1. Give me the number: length gained by fully extending Asp86 to Glu216, i.e. 0.36 nm times residue separation minus the C-alpha to C-alpha distance, one decimal in nm.
2. How high is the FRET efficiency between Ser245 and His177 when r is their beta carbon distance and R₀ equals 41 Å, given to the nearest 0.05?
3. At 7 Å along Cα-to-Cβ for each site, give me the label-to-label distance between Gln187 and Arg134 in nm.
4. Write down the percent of antiparallel bridges among all DSSP beta bridges whose residues are both part of the range 131-224, to the nearest 5.
5. Among 265-271, 85-91, what's the highest-first ranking by average C-beta atoms within 10 angstrom per residue?
6. What is the gain in length, in nm to one decimal, between Ser48 and Glu255 on full extension, counting 0.36 nm per residue of separation less the C-alpha to C-alpha distance?
7. Mind listing the phi-derived Karplus ³J(HN,Hα) values for the range 147-157, rounded to whole Hz, using 6.51, -1.76 and 1.60 with θ = phi - 60°, and x for any glycine or proline?
8. Based on Cβ point charges of +1 for Lys and Arg and -1 for Asp and Glu, what charge dipole magnitude is obtained for the chain about its Cα centre, in debye rounded to the nearest 20?
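The values are calculated or read from the model by the stated rules, or taken from the named source; none is laboratory data. No experiment lies behind these values; they were computed from the predicted model shown. Cβ atoms come from the backbone with ideal geometry, glycine included; neighbour counts cover every protein chain shown. Keep in mind that these areas ignore ligands, DNA and RNA; they rest on the heavy atoms of the full protein, side chains included. Shrake-Rupley method; radii C 1.70, N 1.55, O 1.52, S 1.80 Å.
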Amino acid sequence: MTSPTRPADPVRWPDGHRAAAALTFDLDAEAAVLYAHPFARHRMSVMSHQSYGPLAGVPRLLGILERHAVRATFCVPGWTALRYPDVVRSIAAAGHEIAHHGYLHEPLSDADAEAEAAYLDRGLAALESVTGIRPVGYRAPMWELTYRSPGLLAERGFLYDSSLMDADVPYELAVEHGTSIVEIPVQWALDDWEQYCYLPGISGTGLIESPAKVLEMWTLEFQALHREGGCFVLTNHPFLSGRPSRAAALETLIERITATGDTWIAPLADIARHVRSLGLTPRILTPPDPAA
Ligand code: ZN
């Protein structure tokens, strides 16, 4: 075990690949809005904005992924899986990974240990009942992990989390009792929420960005990470990036990533298994003490 402030080690990618890329889709549907704004269940138009994801966005995105023979990771709240079981089963049947994304998309920042464990267990039960597969990956709603989350995930046999932001490559994150989980970092600049989300009275600045600008921004970040041998993790929401011009921009990005010829495009679970095989020394992350 080493210092909590030690940077993540470089990662050697399989089969001579220079860098890695993961396309991830957070299939929130109505869940995120319902938890944060319970009364919004009566706002029919708001609910329809969210249901666009599973109903119209997912089929379009699955078509794009199939055209490019790319397998992705879909992070799904348990509630969403129960509401749209056929959609979630169609994603799994196409060969994509289903990861855990809470039950009703509950942010963990206000949860105590008991509540956090209950969200995990309820989400696991829902995803298993719909897909028949126990997920190995977790992404915290709103990327709000707590310092106890890694231990709760390890207790339940999770292989990896993808919610933290302190590295450009995955790493082993130490948990108690000498075990670890793999962490696959994300970043806000590679999330479509900040680019496209506008819901009156709920979220967004009101500025809906052009897919051309978003494609440029994500391409630049991919190219720079590729040069450095990093891991490009893109987070899209089907209710946002499933819209036609945005999905078209995403397809162009996939073509650019594929055209490098030396980028390993894989679901998060495959990336986590590779990182686990490297035997990296786990990093210890503890809450900073402002009084120290
Ligand atoms: Zn989400």
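1. 43.4 nm
2. 0.25
3. 3.5
4. Close to 55 percent.
5. 265-271, 85-91
6. Once the chain is fully extended between Ser48 and Glu255, it gains 71.4 nm.
7. Along the range 147-157, the couplings run 5, 8, 4, x, x, 5, 5, 4, 4, 9, x Hz.
8. 700
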